[in-house]
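Asker: One structure coming up, written as structure tokens, with questions to follow.
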Amino acid sequence: MKKYSKKTLIITRSIMFALGAALGFLAMYGMLSAYPDLSPKGFAYVYCAGTGLLVGLVLLLSSSSALWLVFTVCGGVKSLFAGKRADSKELSRLQICEENSECEDEKIRNGNGGYLLTASALMCGGIDKFCRDWLIGGAAVLDITVSKLIELGESGEHALKAYKTLLDCGCAYTAAVGKGEESEQAILYAQKHGLRIIAATSSELGDCASPVLGFEEISG
């Protein structure tokens, strides 16, 4: 059992003895008041004092255990509230991360892994399921790629639907690069951010410094 200072023990023992003496005295006094025949006439206060002394001594001897119990309970309560404060701070941090697009997703956006989907890749059947089930890290979709799919009209509707599905599940994000040819901007963006490109075929972008995965070849 933990050792406590001499001053702490003296104070605790004094309080415990006084409390025990008072409780014992009052308890016996109440019982003799209700049943006066239990003690000889004139000895009621002697019985009360004796009971108070006995209970006081019992509590005095148990001071160390009582002190340990108090410190243990206080320590547990303190830890509980400290844990709640930590949880609140963590929740606040997560909310800030979500509001400002930080945390794990930002690592991907800053080029620490991930992929880039071209228009041809999004037009392949099953690309959304493949990205959800197999890709580790988010997939970038250039804004000019989205514009290109919109310009295709009905033939680009399936690709746009796949793009929206990936956005909704958090598997993709839109990257703004401005104007230009999609293939050129895709290569530049992938090189700058360390991304692997997913196109319909691996030869689609020609001689590219970034790895190019052909979805049609992967899906076989």
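The values are calculated or read from the model by the stated rules, or taken from the named source; none is laboratory data. Being a predicted model, the structure only gives us computed values, none of them experimental. We place every Cβ from the backbone using ideal geometry, glycine too, and count neighbours over all the protein chains shown. SASA here: full protein model, heavy atoms, side chains in, ligands and nucleic acids out. Shrake-Rupley method; radii C 1.70, N 1.55, O 1.52, S 1.80 Å.
Asker: One-quarter of the Cα convex hull surface for the range 163-220, in nm²?
Answerer: Working: hull surface 18.4 nm².
The orientation-averaged projected area of the Cα hull of the range 163-220 comes to 4.6 nm².
Asker: Residues of the range 106-186: accessible area per residue at 1.4 Å, in Å²? Please report the intermediate quantities before stating the final value.
Answerer: Working: 4160 Å² over 81 residues.
Each residue of the range 106-186 exposes 51 Å² on average to a 1.4 Å probe.
Asker: Next question, about the same structure. Using the Cα centre of the range 131-209 as the reference point, and only Cβ charges (+1 on K/R, -1 on D/E), how large is the resulting charge dipole? Debye, rounded to the nearest 20.
Answerer: Numbers: 7 positive and 11 negative charges, 59 e Å.
Once rounded to the nearest 20, the dipole reads 280 debye.
Asker: Rank-order 119-126, 25-32 by packing density, defined as the average count of other C-beta atoms within 10 Å over each peptide's residues, highest first. If you can, show how the numbers build up before the last one.
Answerer: Values: 119-126: 21.0, 25-32: 16.4.
Order by mean packing, descending: 119-126, 25-32.
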